[in-house]
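Here, each number is a calculation from the coordinates, and none is a lab measurement. Since this is a predicted model, take the numbers as computed values, not measurements. Because the Cβ atoms are built from the backbone with ideal geometry, glycine has one as well, and the counts that use them run over all protein chains shown.
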């Protein structure tokens with residue numbers, strides 16, 4: 001599905017957290033609700049930290065692990081730009097720009113393209 005960006009968005013993190021399926025995740029206990037969705041502050045095995053969707057982790061034997069591959073990479077974009085939406089989760093859409101760059105954009109900054 002294609003989207004049109006309604007407001008400029010600048011990526012928040014230079015080196016965002018990335019997780020692989022089954023990777024151990026350390027949760028700090030910090031949580032936040034953004035756009036009605038719960039996010040958890042986490043640290044990956046490589047030391048990168050960031051917010052992750054609460055549905056991404058599961059606990060087994062007292063250890064938290066990632067259910068799926070995840071990156072918190074955000075996509076810097078400008079109003080009027082057309083993006084291809086690849087996945088939607090927790091108030092964000094993972095998009096691909098015409099130049100091939102990918103990343104998350106807040107859903108509130110996007111409208112579905114009618115064309």
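Take every pair of alpha-carbon atoms less than 8 Å apart whose residues are at least six positions apart; their mean separation over the length of the chain yields a relative contact order of 35 percent. Of the peptides 53-59, 68-74, 90-96, 9-15, the order by per-residue mean of other Cβ atoms within 10 Å, starting with the highest, comes out as 90-96, 68-74, 53-59, 9-15. Here the simple spin-label model places points 7 Å from the Cα toward Cβ, and for residue 32 and residue 20 these points are separated by 2.8 nm. Between residue 82 and residue 41, what FRET efficiency comes out of the Förster formula 1/(1 + (r/R0)^6) with R0 = 30 Å and r the beta carbon distance, rounded to 0.05? In this case the efficiency is close to 0.35. State, as an integer percentage, the relative contact order of the stretch 18-71 based on alpha-carbon contacts under 8 Å between residues 6 or more apart. It rounds to 43 percent for the stretch 18-71. Extension gain, residue 54-residue 8: 0.36 nm per intervening residue step, less the Cα-Cα distance, totals 13.9 nm.
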